[in-house]
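These notes are about the structure you will find just below.
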Amino acid sequence: MNPACDYSAAYCILNTDSGFKGHGMVVTLLECFYGETFTIGRGNDIVCKAVEAIADRVKGRTLESLTVNWGKTWRYLVSDSQLRWIGPEKGAIHLALAAVVNAVWDLWAKTLGKPVWRIVAEMSPEEFVRCIDFRYITDAITPEEAVNILQEQQAGKAERIKDAEESRAVPAYTTSAGWLGYGEEKMGELLRKALAEGYRHFKMKVGGSVEADRKRLAIAREVIGYDEGNILMVDANQVAYPHLGLQVWSVPEAVEHMHELKEFKPWFIEEPTSPDDVLGHKAIRSALKPLGISVATGEMCQNRVIFKQLLASGAIDICQVDACRMGGINEVLAVLLMAKKFGVPVVPHSGGVGLPEYTQHISIIDYVVVSGKPSVLEYVDHLHEHFYHPAVIKKGYYQTPMEPGYSVEMKEESMKRFGFPGEEGGFWMSQEGRRILQGEKV
Ligand SMILES: [Mg+2]
């Protein structure tokens, strides 16, 4: 659980001499205990600084010189020898890379007049593979293998593109009822509402006491039933805040706690322990296998190299790649390929401002081009009003974005009002804004 969160974004706009602009962003502090404000999360300014450092490497370049060999461009962007020292390829500098890389994709898509998913869907296997820097992962997947995988998926691709065009490619799941701060009545109400809206997958946060978690899951099952095709998932968010009454799960506690929750038959437990603990996830996975509970992680997995380990070693059942934690869409493509090779379904992490806007493209690409199988994608219904082309769910399905770009362009009035530190009359100069800035640092 991330207990005291202000949804924030380091936002990057690439200007060009053609009039086109590329918009990319990185989300910081993704989840909320209760309520949320679109504000600065501490550390966001660090990522903004890092964005400037990375963006300097695309300054003065033509768009074509960046996209003609994307894999090479990506490698160039992560190869500043001094900036690598504060990574490499992880942490704030990698989040910043995502903002810049995704902004280039947004810009490229706008010049082509296509949504990002369609650019990738129309690539040949060779073009797709050229987007990827295979450095450090060729022991798990080679470019040749990747081309073969994509080649095999050419069959049926035209039908899957049609599914995407008709918004039948990406079923959504909801976390809306699942936050730990909600009372029993509110939880039940939100679950019933989600059911009526067509959702079939429901995720609940866990990590409180066993009694409290059992109570919450019992309520969830009471509403969604056991035999009606509705799926329950649980998310522990690494349970790392004992001072706030949550538990701390290392491997044994994660296994023990999930034993106590087995009767509620969750599909998976998400982030049961530290995101870096490949061996830990593997141990939890084998301990929970007899209970029929899968293990999911990825929202804080820092790069394709750690995903290689999680996937190739059989440490996870579900791959929750994040659009901003990876170094932009290029690195996500590498993860999709490895997930396909090792037979692990991709359920992108999508619970943050702007994330559903991004990840809908990723899930479509996975379905149409890489895995050929539909999966589900998280949807959190808030803060979409700040985007020109917000993600939309109808009857439980993401409505495929058809506008050119990568869907995260924020409305000018939102930028003006909530930009930090902003001007007189802006949010951060208001009483509410000041109260947040001067409040207790939880
Ligand atoms: Mg999560």
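The values are calculated or read from the model by the stated rules, or taken from the named source; none is laboratory data. Because the structure is a prediction, the values reported are computed rather than measured. Note that each Cβ is placed from the backbone with ideal geometry, even for glycine, and that neighbours are counted across all protein chains shown.
For the structure I just gave you, tell me whether Glu413 is among the acidic types (Asp, Glu), free of Cβ contacts under 8 Å to residues at least 60 places away in the same chain, out of contact with any strand residue (DSSP E or B) (no Cβ under 7 Å at 6 or more places or on another chain) and not in a helix (DSSP H, G or I). Judged against the criteria, Glu413 is not a match. Checking each residue in region 420-436 for being farther than 23 Å from Cys12 by Cα and of a type in the set (A, V, I, L, M) picks out only Ile436. Applying the set (1) buried (at least 24 other Cβ atoms within 10 Å of the Cβ); (2) in a helix (DSSP H, G or I); (3) away from the ligand (no atom under 16 Å from the Cβ) to Gln309 leaves exactly one unmet item: (1). When region 154-196 is filtered for residues that are surrounded by fewer than 19 Cβ atoms within 10 Å (Cβ to Cβ), of a type in the set (Lys, Arg) and in contact (Cβ under 8 Å) with a residue 60 or more places away in the chain, the ones remaining, listed by number, are Lys157, Arg168.
Determine whether region 257-270 contains at least one residue that is within 14 Å of the ligand (Cβ to nearest atom), hydrophobic (A, V, I, L, M, F, W, C) and touching a Gly at 6+ places or on another chain (Cβ under 6 Å). No, region 257-270 contains no residue that is within 14 Å of the ligand (Cβ to nearest atom), hydrophobic (A, V, I, L, M, F, W, C) and touching a Gly at 6+ places or on another chain (Cβ under 6 Å). Considering Val344, Val408, Val368, the condition of being modelled with pLDDT of 95 or more and touching an Asp or Glu at 6+ places or on another chain (Cβ under 7 Å) is satisfied by Val344 alone.
Results for (1) hydrophobic (A, V, I, L, M, F, W, C); (2) surrounded by 18 or more Cβ atoms within 10 Å (Cβ to Cβ); (3) on the phi > 0 side of the Ramachandran plot, shown as yes or no for each residue.
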| site | (1), (2), (3) |
| --- | --- |
| Pro401 | no, yes, no |
| Trp428 | yes, yes, no |
| Glu432 | no, no, no |
| Gln438 | no, no, no |
| Lys441 | no, no, no |
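Evaluate region 197-210: report whether one residue or more is away from the ligand (no atom under 15 Å from the Cβ), more than 20 Å from Gly352 (Cβ to Cβ), surrounded by fewer than 22 Cβ atoms within 10 Å (Cβ to Cβ) and without any contact (Cβ under 8 Å) to a residue 12 or more places away in the chain. The answer is no, given that none of the residues of region 197-210 is away from the ligand (no atom under 15 Å from the Cβ), more than 20 Å from Gly352 (Cβ to Cβ), surrounded by fewer than 22 Cβ atoms within 10 Å (Cβ to Cβ) and without any contact (Cβ under 8 Å) to a residue 12 or more places away in the chain. For region 352-379, the set of residues classified as in a loop (DSSP other than H, G, I, E, B) and buried (at least 23 other Cβ atoms within 10 Å of the Cβ) consists of Gly352, Val353, Gly354, Val376, listed by residue number.
Restricting attention to region 162-185, the residues that are away from the ligand (no atom under 16 Å from the Cβ) and either modelled with pLDDT of 90 or more or polar (S, T, N, Q) (or both) add up to 10.
When region 287-306 is filtered for residues that are surrounded by fewer than 21 Cβ atoms within 10 Å (Cβ to Cβ) and under 18 Å from Asp235 (Cα atoms), the ones remaining, listed by number, are Ala287, Lys289, Leu291, Gly292, Ser294, Met300. Test Ser407 against the stated conditions and say whether it is outside any helix (DSSP H, G or I) and within 24 Å of Ile93 (Cα to Cα). Yes; evaluated as a whole, the condition is true for this residue. Within region 1-24, the set of residues being modelled with pLDDT under 65 and away from the ligand (no atom under 16 Å from the Cβ) comprises Ala4 only.
When Val51, Val104, Val147 are checked against the criterion of being of a type in the set (A, V, I, L, M, F, W, C), in a helix (DSSP H, G or I), under 23 Å from Val369 (Cβ atoms) and touching a residue at least 40 places away in the same chain (Cβ under 8 Å), a single residue qualifies: Val104. If only residues of region 54-86 that are over 25 Å from the mean Cα position of the chain (by Cα) and assigned to a helix (DSSP H, G or I) are counted, the one that is farthest from Leu14 (Cα to Cα) is Trp85. Filtering region 280-291 for residues that are outside any helix (DSSP H, G or I) and away from the ligand (no atom under 13 Å from the Cβ) leaves an empty set.
Listed by first and then second residue, the pairs with beta-carbon distance under 6 Å, at least 6 apart or on different chains, first residue in region 254-272 and under 10 Å from Leu217 (Cβ atoms), second of a type outside the set (A, V, I, L, M, F, W, C) and away from the ligand (no atom under 16 Å from the Cβ), are Phe264/Arg221.
Here Val248 meets each of (1) surrounded by fewer than 24 Cβ atoms within 10 Å (Cβ to Cβ); (2) modelled with pLDDT of 95 or more; (3) touching a helix residue (DSSP H, G or I) at 6+ places or on another chain (Cβ under 8 Å) with one exception, condition (2).
Being within 16 Å of the ligand (Cβ to nearest atom) and either more than 29 Å from Ser274 (Cβ to Cβ) or touching a Pro at 6+ places or on another chain (Cβ under 6 Å) (or both) holds for only one residue in Ala236, Ala155, and it is Ala236. For region 255-286, filtering for residues that are of a type in the set (A, V, I, L, M, F, W, C) and closer than 15 Å to Met233 by Cα leaves 6. The single condition from (1) away from the ligand (no atom under 15 Å from the Cβ); (2) at positive phi; (3) at pLDDT 95 or above that Ala315 fails is (2).
Which of the residues belonging to region 103-153 are buried (at least 16 other Cβ atoms within 10 Å of the Cβ) and of a type in the set (Phe, Trp, Tyr)? Result: Trp105, Trp108, Trp117, Phe128, Phe134.
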